[in-house]
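See below for the structure under consideration.
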Amino acid sequence: MSSNSFGKLFTVTTFGESHGPAIGCVVDGCPPGLELATEDFRRDLERRATGRSRYTSQRREADEVEILSGVYQGRTTGTPIALVIRNTDARPKDYAEIADTFRPGHADYTYWQKYSIRDPRGGGRASARETTLRVAAGVIAKKWLRQRFGVVVRGWLAQLGPLVPRAFSWEAVEDNPFFWPDAAMVPELEAFIDALRKSGDSIGARVNVVAENVPPGWGEPVYGKLDAEIAAALMSINAVKGVEIGAGFAAVTQRGSEHRDEITPQGFLSNHAGGILGGIATGQPIVASMALKPASSILIPGRSVNRAGAPVEVRTKGRHDPCVGIRATPIAEAMLALVLMDQALRHRAQCGDVGDVAPRIPGAVAGG
């Protein structure tokens with residue numbers, strides 16, 4: 001199996017390459033009756049898109065969604081939803097010089113080893129352009145989760161290189177191109193990225209994502225653990241090299257008396273577990289974090305080899321991000337929403353007759 005699909009009951013299959021004629025996806029398993037129109041996709045696709053500020057790649061795609069199937073008279077029919085987005089600003093000529101070269105830090109070499117053929121245009125299938133469809137599919141999941149259960153999924157840029165927020169406001173997150181929660185620091189981020197771009201280098205980042213109002217009970221106890229599937233979904237995003245759930249690696253230095261989330265009739269006293277125990281949601285906010293590596297497409301020359309095995313020097317041209325984490329927040333939100341919708345449908349299929357189980361402990365604590 002080529003592994004271009006994920007999910008069990010709510011499945012998403014994506015197709016297309018960075019500089020091909022179009023990219024698309026098929027979303028299967030969406031319940032019927034959900035209102036859905038092309039306008040629903042616009043906001044999140046614009047949040048993910050390049051070219052909306054000087055701090056990301058200047059590729060400017062229209063990202064207009066075409067709904068080919070699965071929607072009739074403005075509502076989902078329960079049949080597969082096919083979405084297509086035409087590539088309108090592809091520049092394959094930017095990659096002509098590296099067609100026979102393996103760029104260090106990219107998937108060029110591994111794709112060549114696996115398939116003995118590769119699409120060098122912007123990385124082809126390995127390009128972050130593919131995440132456009134994840135965000136589009138995530139729009140469907142977000143809408144269904146919010147309407148059916150009141151679940152809200154949102155994220156923010158929690159670290160850009162050495163910079164971390166000194167304050168937090170959800171209003172600030174959506175009011176700047178970085179998804180940064182500290183409005184007073186935005187000029188500092190702008191100066192940092194401007195200097196980084198001038199140097200020809202790149203930097204890594206950290207993105208946090210939270211799902212609130214998730215009912216307790218979602219998830220599986222062994223092989224379909226909710227936290228394991230969230231981790232896998234976030235790790236499948238381009239450039240992600242680490243994932244934490246709840247306290248994550250900070251748990252290494254915590255004592256058991258500190259890490260355990262004590263419970264009172266009024267609610268949990270902390271959320272080091274990130275809203276998941278034994279692979280099953282507790283009813284607290286689901287909290288996850290992902291680390292993204294610095295982009296490898298940079299102007300600073302680097303050593304590599306070509307297909308003949310001869311040494312070469314690589315200097316990547318074209319339009320690239322100085323920090324891929326700047327526009328990764330909507331992608332993280334989408335992947336978390338897709339996992340949660342799949343788990344919600346699976347829970348309903350097996351345990352729909354269980355109903356509410358007492359006691360239900362309030363779970364309003366977002367962080368540990």
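The values are calculated or read from the model by the stated rules, or taken from the named source; none is laboratory data. These figures come from a predicted structure and were not determined experimentally. Cβ coordinates were reconstructed from backbone atoms using ideal geometry, including for glycine residues, and neighbour counts include every protein chain displayed.
Before we move on, is Gly155 at pLDDT 95 or above, within 20 Å of Leu340 (Cβ to Cβ) and either in contact with a Pro (Cβ under 8 Å, 6 or more places away or on another chain) or crowded, with 20+ Cβ neighbours inside 10 Å (or both)?
Working: at pLDDT 95 or above: yes; within 20 Å of Leu340 (Cβ to Cβ): yes; either in contact with a Pro (Cβ under 8 Å, 6 or more places away or on another chain) or crowded, with 20+ Cβ neighbours inside 10 Å (or both): yes.
Criteria met by Gly155.
Test Val207 against the criterion of being under 30 Å from Thr13 (Cβ atoms), assigned to a loop (DSSP other than H, G, I, E, B) and in contact with a strand residue (DSSP E or B) (Cβ under 8 Å, 6 or more places away or on another chain), and give yes or no. Before the answer, list the steps.
Details: under 30 Å from Thr13 (Cβ atoms): yes; assigned to a loop (DSSP other than H, G, I, E, B): no; in contact with a strand residue (DSSP E or B) (Cβ under 8 Å, 6 or more places away or on another chain): yes.
Answer is no for this residue.
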- prompt: If Met290 satisfies every condition in (1) touching a Ser or Thr at 6+ places or on another chain (Cβ under 7 Å); (2) among the aliphatic types (A, V, I, L, M); (3) within 21 Å of Ile203 (Cβ to Cβ); (4) not in a loop (DSSP other than H, G, I, E, B) but one, which is the exception?
  reply: (1)
- prompt: Under 9 Å by Cβ, and 6 or more places apart or on different chains, what pairs join a residue from segment 290-310 that is closer than 19 Å to Gln113 by Cβ with one that is of a type in the set (S, T, N, Q) and surrounded by 14 or more Cβ atoms within 10 Å (Cβ to Cβ)?
  reply: Ser296/Ser202; Ser296/Thr316; Ser304/Thr101; Val305/Thr101; Asn306/Thr101; Arg307/Thr101
message: Can you say whether Val243 is touching a helix residue (DSSP H, G or I) at 6+ places or on another chain (Cβ under 6 Å) and outside any loop (DSSP other than H, G, I, E, B), as far as the supplied structure shows?
response: yes
- request: Starting from segment 216-232, take each residue that is in a loop (DSSP other than H, G, I, E, B) and list its partners that are surrounded by fewer than 17 Cβ atoms within 10 Å (Cβ to Cβ), counting only C-beta distances under 7 angstrom and pairs at least six apart or across chains.
  value: Pro216/Arg360; Gly217/Cys351; Pro221/Gly278
field: Some residue of segment 262-282 being under 23 Å from Arg346 (Cα atoms), outside any loop (DSSP other than H, G, I, E, B) and out of contact with any Leu (no Cβ under 7 Å at 6 or more places or on another chain)
entry: yes
- prompt: Based on what the data block shows, is Ala349 among the small types (Gly, Ala, Ser), within 28 Å of the chain's Cα centre (by Cα) and loosely packed, with under 15 Cβ neighbours inside 10 Å?
  reply: yes
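Given segment 60-172, what strands (runs of 3 or more DSSP E) lie entirely inside it while holding 3 or more residues that are β-branched (Val, Ile, Thr) and farther than 17 Å from Ala332 by Cβ?
On the way: elements: 65-69, 81-86, 152-160.
Per the criteria, 81-86.
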- request: Please name all residue pairs, on different chains or six or more residues apart, with Cβ atoms under 6 Å, provided the first residue is in segment 40-64 and is closer than 28 Å to Arg75 by Cβ and the second residue is of a type in the set (Lys, Arg) and at pLDDT 70 or above.
  value: Arg48/Arg327
- prompt: Residue check: is Asp201 among the acidic types (Asp, Glu), under 22 Å from the mean Cα position of the chain (by Cα) and at negative phi?
  reply: no
query: Of all the residues that make up segment 295-327, how many are more than 29 Å from the chain's Cα centre (by Cα) and at positive phi?
result: 1
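Check segment 256-272 and report whether any residue there is in contact with a helix residue (DSSP H, G or I) (Cβ under 9 Å, 6 or more places away or on another chain), buried (at least 19 other Cβ atoms within 10 Å of the Cβ) and not polar (S, T, N, Q).
Here is the first cut: in segment 256-272, the ones in contact with a helix residue (DSSP H, G or I) (Cβ under 9 Å, 6 or more places away or on another chain) are 259, 270, 272.
Keeping just the survivors that are buried (at least 19 other Cβ atoms within 10 Å of the Cβ) gives 272.
Filter once more, keeping what is not polar (S, T, N, Q): 272.
Looking for residues that are in contact with a helix residue (DSSP H, G or I) (Cβ under 9 Å, 6 or more places away or on another chain), buried (at least 19 other Cβ atoms within 10 Å of the Cβ) and not polar (S, T, N, Q), one finds at least one in segment 256-272, hence yes.
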- request: State all residues of segment 302-360 that are modelled with pLDDT of 90 or more, basic (Lys, Arg) and touching a Gly at 6+ places or on another chain (Cβ under 9 Å); if no residue qualifies, say none.
  value: Arg346
